[in-house]
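Working notes, beginning with the structure itself.
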Amino acid sequence: MRFLLTLLFIGLSLNAFAIGVDLKKLPDPVMEARAQHIMKELRCLVCQNQSIIDSDAELAGDLRAIVREQVAMGKNHEQIIEFMTSRYGDWILLKPPFKASNALLWLGPLFLLLIGGFLVFRTIRQSANSAKADPLSAEEEKRLKQIIEDRG
């Protein structure tokens, strides 16, 4: 029984090795390394939070082929990134640039953190102020002493 379970787990784990294998790579290792460096910066449009080099989606394979084609044509890094963003927008970049159109996405967490910090500060300050009680009046002190004497 243990042997069958071991075989089952080995068989299921073989899928882990089936990630992003391209049959057509650039013949020049330097150019292939440049292409792979660029591919690490581009998001798979299907998987969303994976680069196209890490994704095994069919679209990611097509995007890798486009990058290799661009590198083979002699285009530099900036030209290839510009080509891809002109077709797919800034969404294709794993690290999109800061622009006015996406400023809220970049600055939103900071604003939420500041607002939350202010609310926590104000709540702590209010609770500290409400904890300070007014001094007892003469009548209240007399009543308190009587209660303590009655218990003691």
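Taken together, the values in this text are just the output of simple stated rules run on the coordinates, not laboratory data. What you are looking at is a predicted structure, and each value in this text was computed from that prediction instead of being measured. FYI the Cβ positions are ideal-geometry reconstructions off the backbone, even for glycines, and counts take in every protein chain you see.
Sorting R125, R68 on the 10 Å Cβ count, fewest up front, what's the list?
Listing R125, R68 from fewest to most nearby Cβ atoms yields R125, R68.
Axis angle, to the nearest 10 degrees, between helix 58-72 and the longest C-alpha principal axis of the chain: 60 degrees.
In this structure, the amide hydrogen of S51, modeled 1.01 Å from its nitrogen in the peptide plane, lies closer than 5 angstrom to those of C44, counting only residues at least 5 positions away or on a different chain. Here region 101-151 yields Rg over Rh of 1.54, to two decimals, using C-alpha coordinates and the Kirkwood radius.
Ranking G61, N129, Q146 by Cα position along the charge dipole of the chain, where only Lys, Arg, Asp and Glu carry charges on their C-beta atoms, puts Q146 farthest toward the positive end. Relative to the longest principal axis of the Cα atoms of the chain, helix 77-88 runs at roughly 80 degrees.
Restricting attention to the chain, lysine pairs at least eight places apart or on different chains and with alpha-carbon atoms under 22 angstrom apart total 10. In region 40-88, the alpha-carbon atoms span a convex hull of 66 Å³ per residue. Here the Karplus curve 6.51 cos²θ - 1.76 cosθ + 1.60, taken at θ = phi - 60°, turns the phi angles of region 35-41 into couplings of 4, 5, 4, 5, 4, 5, 8 Hz, with x standing for Gly and Pro. The mean of 1/r over all pairs of different alpha-carbon atoms in the chain, once inverted, gives a Kirkwood hydrodynamic radius of 21.7 Å.
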